[in-house]
Amino acid sequence: MSSSPASSPKETVQHDALKPGFDLTEKQDPLKNTLATMSIARKHILLAVFTSAACIDNIGFNSLLTTTETIASDFELGAGNIVWVVTAYGMTFASFLLLAGRMADLYSAPLMFMGGLGVLSICFLAGSFVEDKYGFLILRAISGIAAAMNVPSA
């Protein structure tokens with residue numbers, strides 16, 4: 001039987017994990033090291049910040065439920081348009097949640113968190129002074145997007 005190049009023995013490539021003496025515990029998760037070396041006080045501060053952000057997101061959605069009738073009369077919204085006061089926030093929040101999660105994966109999560117919290121604060125403040133119904137609803141929609149940026153990056 002003749003030996004052709006196709007039937008010659010193939011070189012085997014040995015990965016690091018297959019080499020003798022390789023220890024799997026050498027490669028550790030960098031996130032685990034970060035959490036292990038973090039002080040307890042810092043962990044509590046981060047927990048308070050993230051919990052506050054979640055509360056702000058929930059307050060942003062639920063805060064106008066009790067004042068919807070007053071807002072509708074101030075902006076002269078009809079019966080069919082009253083629902084947009086609450087829905088503009090909730091719909092954009094739910095719609096942009098997955099996109100915000102992907103952006104937090106691709107870019108810096110702390111940057112996304114701080115950006116979302118900053119935009120949310122500006123929208124809440126500006127929404128207090130808006131005298132136009134369309135501007136108010138647009139600010140509610142933008143604040144829903146900003147709130148969606150907080151959740152996955154926290």
Next on the checklist: Can you find a residue that is among the small types (Gly, Ala, Ser) and more than 18 Å from the chain's Cα centre (by Cα) anywhere in the stretch 111-120?
Outcome noted: no
Item to check | Subset of the stretch 96-115 (residues that are without any contact (Cβ under 8 Å) to a residue 40 or more places away in the chain and within 19 Å of ILE138 (Cβ to Cβ)) | outcome: GLY115
Checklist entry - When you go through (1) farther than 15 Å from SER52 by Cα; (2) aliphatic (A, V, I, L, M); (3) within 12 Å of the chain's Cα centre (by Cα) one by one for ALA148, which number turns out not to apply? => result (1)
Next on the checklist: Quick check on the stretch 79-93: of everything there that is out of contact with any helix residue (DSSP H, G or I) (no Cβ under 8 Å at 6 or more places or on another chain) and modelled with pLDDT of 85 or more, which residue is farthest from SER121 (Cα to Cα)?
Outcome noted: GLY80
Checklist entry - Just wondering, is there one or more residues in the stretch 78-86 that are in contact with a Ser or Thr (Cβ under 9 Å, 6 or more places away or on another chain), in a helix (DSSP H, G or I) and over 23 Å from LEU46 (Cα atoms)? => result yes
Next on the checklist: Among the residues of the stretch 20-32, are any at pLDDT below 85 and under 24 Å from ILE138 (Cβ atoms)?
Outcome noted: no
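The values are calculated or read from the model by the stated rules, or taken from the named source; none is laboratory data. Values in this document were obtained by computation on a predicted structure and should not be read as measured data. Glycine also receives a Cβ, built like all others from the backbone with ideal geometry; neighbour counts cover every protein chain displayed.
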